[in-house]
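Notes follow once the structure below has been shown.
Here, each number is a calculation from the coordinates, and none is a lab measurement. As the structure is a prediction and not an experimental result, all values here were calculated from the model. Ideal geometry is used to build each Cβ from the backbone, glycine not excepted, and the neighbour counts take in all protein chains shown.
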Amino acid sequence: MAPTPGGSGRTRIHVVSDVHGNARDLARAGEGADALICLGDLVLFLDYADHSRGIFPDLFGAENADRLVALRTARRFEEARELGARLWAGIASDRSAVIEKAVRKQYAELFAAFPTPTYATYGNVDMPALWPEYAGPGTTVLDGDRVEIGGWTFGFVGGGLRTPMRTPYEISDEEYAAKIEAVGEVDVLCTHIPPEVPELVYDTVARRFERGSRALLDAIRRTRPRYSLFGHVHQPLARRMRIGATECVNVGHFAGSGTPWALEW
């Protein structure tokens, strides 16, 4: 990848989200671009398209993964947690240590695949405390922060809001809103989750509304960035729409597509 231009000529950025273990395609995601942006969810805990892939089936087998997915899809979250508790009780006294070891193995491979420069923020299934150990000099981690790329200002807000799924990096609405406020006015607002718009948060395959952010929606209406870029919803009802002056884009489920979304100016 070429160095990011200092405001002259054209700039091309590739954007990925929901990588979920796809290190092979991630290693090529920056080809032809001046920089790569990653909007999080590097970890693959359970692949809803292929239940044999991920940390959960590695530990408990694909049959139990089938059962877990069926319960979650039916929104029987308490039963899903009970299933998980029974399975964990059978293999480990320290569940967090087992998960961390598996996540570390994935992070070692995924962060090594990032091109230079990469600008990244966390997804809801990520473990932010581990990122400083794996992010090399060419990777800038941002959460509630801004950076200039090619003369445009990019703001980054990572993580997700609290849900019955209880994924690792879920925070309160108030904490999330504070990070949105800290970013302020930018050209491109980069988040893991979408703004709270039904067409953008509904997953047509999982058949449920994921959590989007009202604070993000309000900021888009108030500050009018050129673009709002996000992921999180793997099969959205709408992949892009305009909110006032802002083009809102779900950059895609990179684990499935292996193809980054491109922005050029």
Charge-dipole axis of the chain as Lys and Arg at +1 and Asp and Glu at -1 on Cβ define it, positive-most pick from L237, A129, G84: L237
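If r is the Cβ-Cβ distance from A49 to A89 and R0 is 25 Å, what FRET efficiency results, to the nearest 0.05? Intermediate results must be reported in sequence, preceding the final value.
Details: r = 28 Å, r/R0 = 1.13.
The pair A49/A89 has a calculated efficiency of 0.35.
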Need the full-extension length gain, E82 to A70, defined as separation in residues times 0.36 nm minus the C-alpha distance. One decimal, nm. 3.0 nm
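Okay, helix-only estimate at 222 nm for the chain: each DSSP H run of n ≥ 4 adds -39500 (n - 2.57), divide by all residues, round to 500 deg cm²/dmol; what do you get? Before the final figure, lay out the partial values.
Details: 10 runs with 87 residues, N = 265.
Value at 222 nm, helices only, nearest 500: -9000 deg cm²/dmol.
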Listed highest first by mean packing, meaning other Cβ atoms within 10 Å per residue, what order do 173-179, 216-222, 85-91 come in? 216-222, 173-179, 85-91
Once you have the Cα-Cα distance between A238 and T223, take 0.36 nm times their residue separation minus that, and quote the gain in nm to one decimal. 3.1 nm
Need the full-extension length gain, E133 to R10, defined as separation in residues times 0.36 nm minus the C-alpha distance. One decimal, nm. 40.9 nm
Restricting to Cα pairs below 8 Å that are 6+ residues apart, what does the relative contact order work out to for the chain? Please round to a whole percent. 22 percent
For I243, what residues show an amide H to amide H distance below 5 Å, using hydrogens built from the backbone and excluding near sequence neighbours? C248
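Starting with the highest mean, order 254-262, 223-231, 129-137, 73-81 by the number of other Cβ atoms within 10 Å, averaged over the residues of each peptide. Mind dumping the intermediate values first?
Working: 254-262: 18.6, 223-231: 22.1, 129-137: 12.6, 73-81: 14.2.
For the peptides 254-262, 223-231, 129-137, 73-81, the packing ranking is 223-231, 254-262, 73-81, 129-137.
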